[in-house]
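Pasting a structure here, questions to come.
The values are calculated or read from the model by the stated rules, or taken from the named source; none is laboratory data. Quantities reported herein were computed from a predicted structural model and do not represent experimental measurements. Here the Cβ positions follow ideal geometry from the backbone for every residue, glycine too, while neighbour counts run over all protein chains shown. Heads up: the accessible areas ignore ligands, DNA and RNA and are worked out on the full protein's heavy atoms, side chains in. Shrake-Rupley method; radii C 1.70, N 1.55, O 1.52, S 1.80 Å.
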Amino acid sequence: FLDGETPTVTSMFIGSGKICQSRVVKKGEYYRLYCSIWTRDNGNRVIYSDDFGGTWNVLGTIADRPAPNGDEPKCEELPDGTVVLSSRKSGGRYFNLFTFDDDSHTTGSWGTAVACSETYDGSSQGTNGEIYKVKAIRKEDGKICDVMLQSVPAGPGGRYNVTVYYKEMDYTSAYTPTTFSTGWAVGKQVSQKYSAYSTMILQADGQVAFFYEEDTHEAVGGGGYSMVYKSI
């Protein structure tokens, strides 16, 4: 993040949860890794590694500000290699997409971040959630499709009722940050109480390992969070 000898980032951390490993981009021995980061200097960036974490590069340029007001971020990948940035904001999420110029997946550009508050209680989303693409079987016709999952508290009134939202992906036209941010529906309410940060990953048995913070004590906000695992 140096502009000559001048740092463009003065402090940063990688969003907690899972690293996104590409299903599309392979350079040499390894499939690419993506990490989304928060910086003190204008929100989020995304970095990537083609040597399994040995060295890292900026996705795009050091001048890019893919979510200038974003907080704790996560990222995911679409089947054409497009990178999705999902970032915490007050009252929803920011979404942005990085689209590559060609199949070499070396250069491309970010769109403009879009604020999404669809389906959420606006007061409850100041949390670090997860975004995750899985294969699913569509009940109406038995066809395999892609489903994008994201997890945040549903509210109302704050960090309550962590819920997984979903949208079936439609690749008949290219996604933009605006079209990606719409069409979310309630999938499963995982928690029925005070709850906050969450992450998820697919298990070998086909279920989703869901890991999240929940106040397991009776006094709301009084006992502190427990870390809870559920298989859903």
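Which residues, taken from region 193-210, are in contact with an Asp or Glu (Cβ under 9 Å, 6 or more places away or on another chain) and either at pLDDT 95 or above or of a type outside the set (Phe, Trp, Tyr) (or both)?
Lys193, Ser195, Ala196, Ser198, Thr199, Met200, Ile201, Phe210
On to the next question. For the condition at pLDDT 95 or above and either part of a strand (DSSP E or B) or under 30 Å from Tyr160 (Cβ atoms) (or both), what is the one hit in Arg45, Arg88, Arg65, Arg93?
Sole residue among the options that is at pLDDT 95 or above and either part of a strand (DSSP E or B) or under 30 Å from Tyr160 (Cβ atoms) (or both): Arg45.
Of the residues Ser226, Ser151, which is within 19 Å of Glu72 (Cβ to Cβ), among the hydroxyl-bearing types (Ser, Thr, Tyr) and touching a Ser or Thr at 6+ places or on another chain (Cβ under 8 Å)?
Every option except Ser151 fails the conditions.
May I ask you to say which residue of Thr163, Thr176, Thr216 is β-branched (Val, Ile, Thr) and within 26 Å of Thr99 (Cα to Cα)? Write out each step before concluding.
Details: Thr163 fails: within 26 Å of Thr99 (Cα to Cα); Thr216 fails: within 26 Å of Thr99 (Cα to Cα).
Every option except Thr176 fails the conditions.
For region 40-66: of the residues being within 16 Å of the chain's Cα centre (by Cα) and not charged (D, E, K, R), which is farthest from Arg93 (Cα to Cα)?
Restricting attention to region 40-66, the residues satisfying the condition of being within 16 Å of the chain's Cα centre (by Cα) are 43-48, 59, 66.
Next cut, not charged (D, E, K, R) only: 43-44, 46-48, 59, 66.
Numbers: Gly43: 13, Asn44: 13, Val46: 16, Ile47: 20, Tyr48: 22, Leu59: 20, Pro66: 13 Å.
Among those that are within 16 Å of the chain's Cα centre (by Cα) and not charged (D, E, K, R), it is Tyr48.
Ok, one more. Of the residues Trp38, Trp56, which single one is over 22 Å from Met200 (Cβ atoms) and of a type outside the set (S, T, N, Q)?
None of the others qualify; the one that does is Trp56.
Glu29 - would you say it is open to solvent by less than 10 Å² (accessible area, probe 1.4 Å) and not hydroxyl-bearing (Ser, Thr, Tyr)?
No: the conditions fail for Glu29.
Sticking with this one: Can you find even one residue in region 139-153 that is open to solvent by 70 Å² or more (accessible area, probe 1.4 Å), among the hydrophobic types (A, V, I, L, M, F, W, C) and more than 17 Å from Arg88 (Cα to Cα)?
So far as region 139-153 goes, yes, one or more of its residues are open to solvent by 70 Å² or more (accessible area, probe 1.4 Å), among the hydrophobic types (A, V, I, L, M, F, W, C) and more than 17 Å from Arg88 (Cα to Cα).
Just for region 38-65: of the residues that are among the small types (Gly, Ala, Ser) and loosely packed, with under 13 Cβ neighbours inside 10 Å, which one is nearest to Gly111 (Cα to Cα)?
Residue satisfying both the conditions and the ranking: Ala63.
What residue, among those in region 15-26 that are modelled with pLDDT of 95 or more and either open to solvent by less than 60 Å² (accessible area, probe 1.4 Å) or of a type outside the set (S, T, N, Q) (or both), is nearest to the chain's Cα centre (by Cα)? Let's see the steps before the verdict.
Restricting attention to region 15-26, the residues satisfying the condition of being modelled with pLDDT of 95 or more are 20-26.
From the residues that got through so far, the ones that are either open to solvent by less than 60 Å² (accessible area, probe 1.4 Å) or of a type outside the set (S, T, N, Q) (or both) too are 20, 22-26.
Values: Cys20: 9, Ser22: 14, Arg23: 16, Val24: 18, Val25: 18, Lys26: 21 Å.
Restricting to residues being modelled with pLDDT of 95 or more and either open to solvent by less than 60 Å² (accessible area, probe 1.4 Å) or of a type outside the set (S, T, N, Q) (or both), the top hit is Cys20.
Under 6 Å by Cβ, and 6 or more places apart or on different chains, what pairs join a residue from region 189-212 that is within 19 Å of Pro156 (Cβ to Cβ) and touching a residue at least 40 places away in the same chain (Cβ under 8 Å) with one that is open to solvent by 10 Å² or more (accessible area, probe 1.4 Å) and assigned to a loop (DSSP other than H, G, I, E, B)?
Ala196/Arg159
If you take the residues of region 168-192 that are polar (S, T, N, Q) and within 17 Å of Val114 (Cβ to Cβ), which of them is surrounded by the fewest Cβ atoms within 10 Å (Cβ to Cβ)?
Ser173
Is it the case, given these coordinates, that Thr106 is over 15 Å from Phe180 (Cβ atoms) and open to solvent by 60 Å² or more (accessible area, probe 1.4 Å)?
Criteria met by Thr106.
May I pose another question? Please name all residue pairs, on different chains or six or more residues apart, with Cβ atoms under 7 Å, provided the first residue is in region 20-45 and is without any contact (Cβ under 8 Å) to a residue 12 or more places away in the chain and the second residue is open to solvent by less than 10 Å² (accessible area, probe 1.4 Å) and of a type in the set (A, V, I, L, M, F, W, C).
So the pair list comes out as Tyr31/Val25.
Please specify each residue of region 71-97 satisfying the condition of being surrounded by fewer than 24 Cβ atoms within 10 Å (Cβ to Cβ), over 9 Å from the mean Cα position of the chain (by Cα) and closer than 28 Å to Lys26 by Cβ.
Within region 71-97, Glu77, Leu78, Pro79, Asp80, Gly81, Thr82 meet the criteria.
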